[in-house]
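A.B. asks: The structure's right below; bear with me while I get my questions together.
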């Protein structure tokens with residue numbers, strides 16, 4: 001039984017696939033298997049994968065019609081044989097020590113179910129301001145509670161960097177096709193099921209930036225679909241308490257969430273920052289819509305000082 005089963009979905013990734021496979025071949029954990037699913041590629045990805053499988057018996061390839069990322073991942077998962085599965089995208093690269101360090105972390109803390117790493121964007125010149133801000137935010141969230149608190153801001157753990165306990169993943173039904181971001185959808189379901197998360201402090205995953213990236217081109221990662229996912233998650237983990245929350249925010253963030261939540265919210269307050277006299281009149285539950293990490297931290301400090309508990313009495317969204 002290999003130590004790691006790598007799930008590698010591929011769709012028209014010919015320009016980058018060779019370097020992605022090379023980064024896996026260089027892993028210091030040589031005892032791994034790569035389950036590649038060619039999801040209906042129309043370029044040279046199919047042939048490249050078949051050549052890789054002939055050269056390296058650890059590479060197993062499945063060719064399918066184009067069915068989408070969740071279906072490709074679930075097919076790969078069905079053929080995985082290791083207790084740990086690692087995600088890897090066909091246009092990205094992993095540091096040669098990635099699997100070794102993730103497995104060491106898993107051994108040191110048997111409670112963990114999902115272990116990610118910090119990420120690095122490359123080439124640097126292709127990374128926009130928004131992506132650079134996202135990486136700074138992502139790389140600051142290293143432990144379970146930090147990621148849980150920011151779960152409805154954006155995906156707090158880069159999908160491609162994840163090492164996941166297979167039994168835990170199978171327990172929540174793997175990946176779901178809902179027409180929105182399959183990674184955040186999975187993290188929400190795993191947190192709800194009691195899974196434990198961690199992230200290594202080293203940037204061991206290289207996220208390639210290019211115009212054809214699914215993050216930039218696939219409708220499932222649009223603002224509209226992300227908002228639909230977050231509203232459903234919020235309804236299931238916070239609004240289900242039956243109390244009408246107060247929505248607090250500023251500018252476009254407040255407007256978007258006011259429109260998205262509608263009658264689910266009792267009142268709306270536009271506040272740039274907390275003030276003592278305002279705080280005294282606030283009552284849980286509170287939903288706070290702020291994009292800036294500094295703004296969230298200001299509110300977090302003030303609400304904790306009032307004795308409120310995050311995720312019980314208040315929650316942040318963006």
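A.B. asks: Search the range 298-313 for residues that are in the same structural domain as residue 273 (by TED's automatic domain parsing) and farther than 18 Å from residue 237 by Cβ and pair each with any residue that is modelled with pLDDT under 95 and in a helix (DSSP H, G or I) when their beta-carbon atoms are under 6 Å apart and the residues are at least 6 apart or on different chains.
C.D. replies: Final answer for the pair search is 302/279; 306/279.
A.B. asks: Restricting to the range 108-158, name every residue that is surrounded by fewer than 21 Cβ atoms within 10 Å (Cβ to Cβ), in contact with a strand residue (DSSP E or B) (Cβ under 6 Å, 6 or more places away or on another chain) and part of a strand (DSSP E or B).
C.D. replies: 118, 120, 121, 122
A.B. asks: Looking at the structure I just gave you, is residue 244 part of a loop (DSSP other than H, G, I, E, B) and surrounded by 12 or more Cβ atoms within 10 Å (Cβ to Cβ)?
C.D. replies: yes
A.B. asks: Could you list all residues from the range 248-299 that are part of a strand (DSSP E or B) and closer than 18 Å to residue 229 by Cα?
C.D. replies: Scanning the range 248-299 gives 287, 288, 289.
A.B. asks: Name every residue in the range 271-302 that is over 24 Å from residue 134 (Cα atoms), under 30 Å from the mean Cα position of the chain (by Cα) and either at pLDDT 95 or above or surrounded by fewer than 12 Cβ atoms within 10 Å (Cβ to Cβ) (or both), in order of residue number.
C.D. replies: Of everything in the range 271-302, just one residue is over 24 Å from residue 134 (Cα atoms), under 30 Å from the mean Cα position of the chain (by Cα) and either at pLDDT 95 or above or surrounded by fewer than 12 Cβ atoms within 10 Å (Cβ to Cβ) (or both), namely 286.
A.B. asks: Still on this structure, I have one more. Considering every residue within the range 68-79, establish whether at least one is under 21 Å from the mean Cα position of the chain (by Cα) and not in a helix (DSSP H, G or I).
C.D. replies: Yes, there is a match, as at least one residue in the range 68-79 is under 21 Å from the mean Cα position of the chain (by Cα) and not in a helix (DSSP H, G or I).
Condition check ((1) without any contact (Cβ under 8 Å) to a residue 40 or more places away in the chain; (2) closer than 25 Å to residue 166 by Cα) across all residues:
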position	(1), (2)
11	no, yes
23	no, yes
32	no, yes
35	no, yes
39	yes, yes
45	no, no
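A.B. asks: Just checking, how many residues over the range 80-107 are assigned to a loop (DSSP other than H, G, I, E, B) and surrounded by fewer than 19 Cβ atoms within 10 Å (Cβ to Cβ)?
C.D. replies: So the count comes out to 5.
A.B. asks: Quick one: count up the residues across the range 54-111 that are free of Cβ contacts under 8 Å to residues at least 12 places away in the same chain and within 16 Å of residue 30 (Cα to Cα).
C.D. replies: Residues flagged as free of Cβ contacts under 8 Å to residues at least 12 places away in the same chain and within 16 Å of residue 30 (Cα to Cα) within the range 54-111 amount to 3.
A.B. asks: Of all residues being within 22 Å of residue 98 (Cα to Cα) and assigned to a loop (DSSP other than H, G, I, E, B) in the range 32-65, which is nearest to the chain's Cα centre (by Cα)? Just the residue, please.
C.D. replies: Within the range 32-65, the match that is nearest to the chain's Cα centre (by Cα) is 58.
A.B. asks: Quick one: residue 227 ticks every box in (1) outside the structural domain of residue 108 (by TED's automatic domain parsing); (2) in a strand (DSSP E or B) except a single one, so which number is it?
C.D. replies: (2)
The values are calculated or read from the model by the stated rules, or taken from the named source; none is laboratory data. Keep in mind the model is a prediction, meaning the values are calculated, not measured. All Cβ positions, even for glycine, are placed from backbone atoms using ideal geometry, and neighbour counts span all protein chains on display.
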